[in-house]
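Structure first, commentary second.
Just so it is clear, none of the values below were taken in a lab; they were calculated from the coordinates. All of these numbers come straight from a predicted model, not from anything done at the bench. With ideal geometry, Cβ positions are generated from the backbone for all residues, glycine too; neighbour counts draw on all protein chains shown.
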Amino acid sequence: MAAPIKICTLRSCAIYSTIKRCPKHTHLYKHCRQSSTQENLKGVIGLEIHAQINTKCKLFSASSTAFGAPTNSQVSIFDAALPGTLPVLNSECVRAGVKTAIALKSKINKISKFDRKHYFYADLPQGYQITQQRQPLAVGGEVEYILIDEQNRYILKTARITQLQLEQDSGRSLHDEEGGQSLIDLNRAGIGLMEIVTEPDFINGIDCSSFVREVQLMMRQLKVCLGSFREGALRIDANISVHRPGEPFGVRSEVKNLGSLKDLKNAVDYEVNRQKHLVKNGGTVINETRTFDSESGKTIPMRDKERLQDYRFMPEPNLPPLYLYDNVSIAESSQANVTNVDEEIQKMPPLPRDVREKLINDFNVALRDVYVLVNEDKGVEFFHEVVNCSKSPPNFVAKFIVNDLLGIYNEHDQKIRRSPISPDIIAEIVDLKKSGYTTKSHCLQLVEMYLHQSTPDRPKDIVDRNGWQQIIDVELLRPVCIQIIEDNPNQVKKYCKGKQDRAMHFFVARAMDSTQKKGNPAVLKSLFIELLEDIKLKQK
């Protein structure tokens, strides 16, 4: 009985049920139950996305926001917190926030307010951050995104949004460990941020990074944020806990300032596993702030949240409430130079979800191909250009671009957005493949040729000149198949014994070699099945 108990982790297990009813094996039942509940621990993750708003000036001052300027060269007297200076709200930041809220399907508050979040650190000389904690610009909403799971399946998911708020960014700290000092660059201090807070709807690292990639793509489409992790325009905080389904959420830890999708995925997965291990061994998860060390792949404690002083939120006295209007309210009040929510809705460009829906519904493109095209810079535009020049079905064109063209381009460090091969040439290559006029391998060879040399010749002319026409005539291919079957009796035996897939792969590969890659694989496979099934029938 003891041996199978070690692997019993399911309540439906017959051994588990028997032990539960047997008073002599109570200790074994407890072990079984503990193992089961440990296995059921799931990650629960909520995200805070800090996106720098793409404007020329900061949120409350006229200082430039250009990246890479000399240290402390973009600091106004307000950014430096000189006495008597007052904030002036940048309306472009408000418009960017409204556009993003519309894209998130959030409810936009017609009246929102600013708060002071007090903390004392040199990255904000005024001693507080102006934010929108209690009455933000927008609340609620959802984002549809594509998740690539561990089985490499492409799945549509939806995550909920808690709120979107406007706030100031802080300065950048530069720590000189050898010199024992910290330096501050205030160029970033005061740049407008949108903080997007999600519900705890994520379960692991790839789930989180897939969601953030979608938001990044959406904001780039709207041109409200450059979305560059390298330039610090996008930073993520992850609130992570574990729990068993049906039970309250566990104590959470916050991992701060994750600066890439890779770091986000690795940090979340490490922290979930760390907390699972803690709970499994009877430990307690501490409510703390942690950072991620990308070299070691581990999260490291920064400070215990329970011991922090309160931020002492208070209404910002130097800024009035922020009022937004729609067509009706503007007409009634005759307001001028205000942010009109209805006008921003009308000016919204197609969002990634709209593009995906069109590709799936109108062109029957597979979800995997849709994902690649939408995430590839100018990928959808290039797809449409090829489709307009091609006679092949759009989903066939998409599959060729994703599976064949992009693979070659990546090998040679080429990008679709500056494709060295024109869409009409790609369209003709796609049509040659679809019609069966030439083989897939020769189509790929055509792509390589156009990449490496300039030629006025059309793809069909090159195929004809090199004798690359594909053989689809059954009567021409039949003698080849018969000869290969006669030369390989052992493979015939394998086929007849039920190992059809392996034997068929062998036969088709031999036939392709015999025809110098000109034989149509589908025709060859059909011929081999016909001939081998006939042999199999005679043997019976």
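Key figures for this structure:
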{"item": "Around LYS499: net Lys/Arg minus Asp/Glu count, Cβ-Cβ under 14 Å", "result": "+4"}
{"item": "Degrees separating the helix 474-487 axis from the principal Cα axis of the chain, which is the longest one", "result": "80"}
{"item": "Cα centroid separation - the range 148-205 against the range 484-506, whole Å", "result": "57"}
{"item": "For THR438, THR291, THR158, order by how many other beta-carbon atoms lie within 10 Å, fewest first", "result": "THR158, THR291, THR438"}
{"item": "Value of relative contact order over the chain, rounded to a whole percent, pairs C-alpha under 8 Å and six or more apart", "result": "12"}
{"item": "Within-11-Å neighbourhood charge of LEU222 [Cβ basis; K, R +1; D, E -1]", "result": "+4"}
{"item": "Selection from PHE507, ASN54, GLY97, by position along the positive dipole direction of the chain (Cβ)", "result": "PHE507"}
{"item": "Contact order relative to length of the range 352-457, as percent, for alpha carbon pairs under 8 angstrom and 6 or more apart", "result": "25"}
{"item": "Spin-label model distance (nm) - ASP413 vs GLU231, 7 Å beyond Cα toward Cβ", "result": "2.2"}
{"item": "Fully extended contour minus Cα-Cα distance, from ASP487 to ASN318, at 0.36 nm per residue", "result": "51.8 nm"}
{"item": "From phi via Karplus (6.51, -1.76, 1.60), per-residue ³J(HN,Hα) for the range 355-372 in Hz, x at Gly/Pro", "result": "5, 4, 4, 5, 5, 6, 7, 8, 10, 6, 7, 5, 4, 4, 5, 4, 4, 5"}
{"item": "The range 503-510 - phi-based ³J(HN,Hα) in whole Hz, Karplus 6.51/-1.76/1.60, Gly and Pro as x", "result": "5, 5, 4, 4, 4, 5, 4, 5"}
{"item": "Pairwise FRET efficiency - ASP457 versus ASN327, Cβ, R0 = 56 Å, nearest 0.05", "result": "0.45"}
{"item": "Only Lys, Arg (+1) and Asp, Glu (-1) charged, at Cβ; the chain dipole about Cα centre in debye", "result": "2400"}
{"item": "Label point distance in nm, SER435-ASP149, each placed 7 Å from Cα along Cα→Cβ", "result": "4.2"}
{"item": "Full-stretch length increase - LYS262, ILE345 - with 0.36 nm per residue and alpha-carbon distance subtracted", "result": "26.5 nm"}
{"item": "Percentage relative contact order, the range 195-284, counting C-alpha pairs under 8 Å, at least six apart", "result": "29"}
{"item": "Simple Cβ-charge dipole of the range 90-224, Lys/Arg +1 and Asp/Glu -1, about Cα centre, in debye nearest 20", "result": "860"}
{"item": "Under 5 Å, built H, 5+ apart or other chain: amide partners of GLN132", "result": "ASP115, LEU166"}
{"item": "Qualifying aspartates and glutamates (Cα of each under 15 Å from Cα of LYS262; at least 8 residues distant if same chain)", "result": "ASP207, GLU214, ASP237, GLU271, ASP293, GLU295"}
{"item": "The range 474-539: Lys pairs at Cα distance under 23 angstrom, eight or more positions apart or on different chains", "result": "15"}
{"item": "Size of electric dipole in the range 314-473: Cβ of Lys, Arg +1 and of Asp, Glu -1, about Cα centre, debye, nearest 20", "result": "620"}
{"item": "Local net charge near CYS93, Cβ-Cβ under 13 Å (Lys/Arg +1, Asp/Glu -1)", "result": "0"}
{"item": "For the range 509-527 and the range 351-379, distance of Cα centres in Å", "result": "34"}
{"item": "Neighbour-count order for VAL387, VAL370, fewest beta carbons within 10 angstrom listed first", "result": "VAL387, VAL370"}
{"item": "Calculated [θ] (222 nm, deg cm²/dmol) that DSSP helices of n ≥ 4 give over the chain, each run adding -39,500 (n - 2.57)", "result": "-12500 deg cm²/dmol"}
